[in-house]
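Scroll down for the structure; my scribbles are underneath it.
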Amino acid sequence: MKQALLDTNFILTCVKQKIDFFEDIKFMGLEILIPQQIIEEIKRVAKSKQKGHSREAAELALRILEKNSYKKINLDKKPVDKGIKNFADKNKDIIVATLDRKLKNKIKNPKLIIKEKKRLEVI
């Protein structure tokens, strides 16, 4: 089964745009991988003192993660983007779900993107 590795900005953007990313990704026949470091980033955003949609989106994202099944992995590298790149380099069949332009340009793997603010597409 092909796998999709999700990044923080991808998860938070899906939540903000009300995209049921778990359902959509599973419908594509992909197994969801979420690094422990991504979960920690989302928790930090949820606990931040800044007002705004990101904190609310992060809180909702954590509830969504609790209710759905996915495979947790651990990236050995810091920062997280470097860990994602190294993981993707070692696993060429992994689809990387990120909206980070720099990271997308560095990774040669297929990418999962948000198209027209409402649907997911592998490119």
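Please treat every number below as a calculation from the coordinates, not as lab data. Everything quoted here is computed from the prediction, not taken from an experiment. A quick note on method: Cβ atoms are made from the backbone with ideal geometry, for glycine too, and the neighbour counts reach across all protein chains shown.
Details
- Unique match (being in contact (Cβ under 8 Å) with a residue 60 or more places away in the chain and of a type in the set (A, V, I, L, M)) among Ile38, Ile19: Ile19
- Residue satisfying all of: in segment 16-75; loosely packed, with under 14 Cβ neighbours inside 10 Å and small (Gly, Ala, Ser); nearest to Ile113 (Cα to Cα) among these: Gly29
- Of all residues in segment 92-112, those satisfying the criterion of being free of Cβ contacts under 8 Å to residues at least 60 places away in the same chain and under 21 Å from Lys71 (Cβ atoms) are Lys92, Ile107, Asn109, Pro110, Lys111.
- Of Lys90, Lys111, Lys82, Lys106, all but one fail to be out of contact with any helix residue (DSSP H, G or I) (no Cβ under 9 Å at 6 or more places or on another chain), surrounded by 11 or more Cβ atoms within 10 Å (Cβ to Cβ) and among the basic types (Lys, Arg); the exception is Lys82.
- Subset of segment 1-13 that is in contact with a strand residue (DSSP E or B) (Cβ under 8 Å, 6 or more places away or on another chain) and more than 15 Å from Lys111 (Cα to Cα) - its residue that is surrounded by the fewest Cβ atoms within 10 Å (Cβ to Cβ): Met1
- Number of the exception - Lys47 against (1) of a type in the set (D, E, K, R); (2) under 13 Å from the mean Cα position of the chain (by Cα); (3) more than 21 Å from Lys82 (Cβ to Cβ): (2)
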